Each structure stands twice: as structure tokens, then as C-alpha cells.
1. Do you know which of the residues in region 32-78 that are touching a residue at least 40 places away in the same chain (Cβ under 8 Å) and under 15 Å from SER20 (Cα atoms) is most open to solvent (accessible area, probe 1.4 Å)?
2. State all residues of region 13-31 that are surrounded by 14 or more Cβ atoms within 10 Å (Cβ to Cβ) and not basic (Lys, Arg); if no residue qualifies, say none.
Amino acid sequence: TEDYYDKKEKLLVYEVFPGSPAEKAGFQPGDEILLVDGKKIENYYRFWDYVREKEPGDEITFFVKRGGSYLLLKAKVG
């Protein structure tokens with residue numbers, strides 16, 4: 001059987017909480033995160049591992065697909 005953690009997943013934004021760093025950066029539900037600081041991170045768990053390594057106030061750059069457009073969003077770690 002396939003190991004769940006090895007499956008490739010999309011990093012899809014499902015919800016943006018009011019006042020969160022994601023909201024302040026301009027994320028919207030349905031955004032697909034393609035790159036994080038210029039790197040492809042295809043797994044939800046690896047994404048959160050990456051974020052946990054950051055210090056409060058550090059900035060993370062996201063390359064995002066929204067509909068047919070591509071955006072560069074920057075969020076500060078809370």
C-alpha cells in the first residue's frame with residue numbers, strides 16, 4: 001500500500017481566518033500554493049514543518065495560483 005505521507009498533494013487554501021497572517025497577506029479560499037520561498041512543497045505536513053522552523057516576524061513568500069492568475073503573496077509569521 002502507498003504511504004499516506006508520500007502522496008503528492010496540492011497545497012490548497014480552504015479557509016482564511018480574520019486577522020490571521022494569511023488574511024493580511026491577501027490569501028483567499030481556493031488559492032493554490034505553488035511555491036513557498038521559491039521551493040515546491042507538495043505536502044501539507046512538510047509545509048507546516050517548514051513554517052514551524054521560522055521565527056515570529058520572519059517573512060515567507062508564496063507563489064499562488066488564483067483562478068487563471070498567478071500572484072506573489074508575502075506573509076509574516078505570527
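1. This residue is LYS76.
2. Within region 13-31, the subset surrounded by 14 or more Cβ atoms within 10 Å (Cβ to Cβ) is 13, 16, 21-22, 24-28, 31.
Hits for region 13-31 are VAL13, VAL16, PRO21, ALA22, ALA25, GLY26, PHE27, GLN28, ASP31.
The values are calculated or read from the model by the stated rules, or taken from the named source; none is laboratory data. All of these numbers come straight from a predicted model, not from anything done at the bench. So basically every Cβ, Gly included, is an ideal-geometry build from the backbone, and we count neighbours across all protein chains shown. All accessible areas refer to the heavy atoms of the entire protein, side chains included, with ligands and DNA or RNA removed. Shrake-Rupley method; radii C 1.70, N 1.55, O 1.52, S 1.80 Å.
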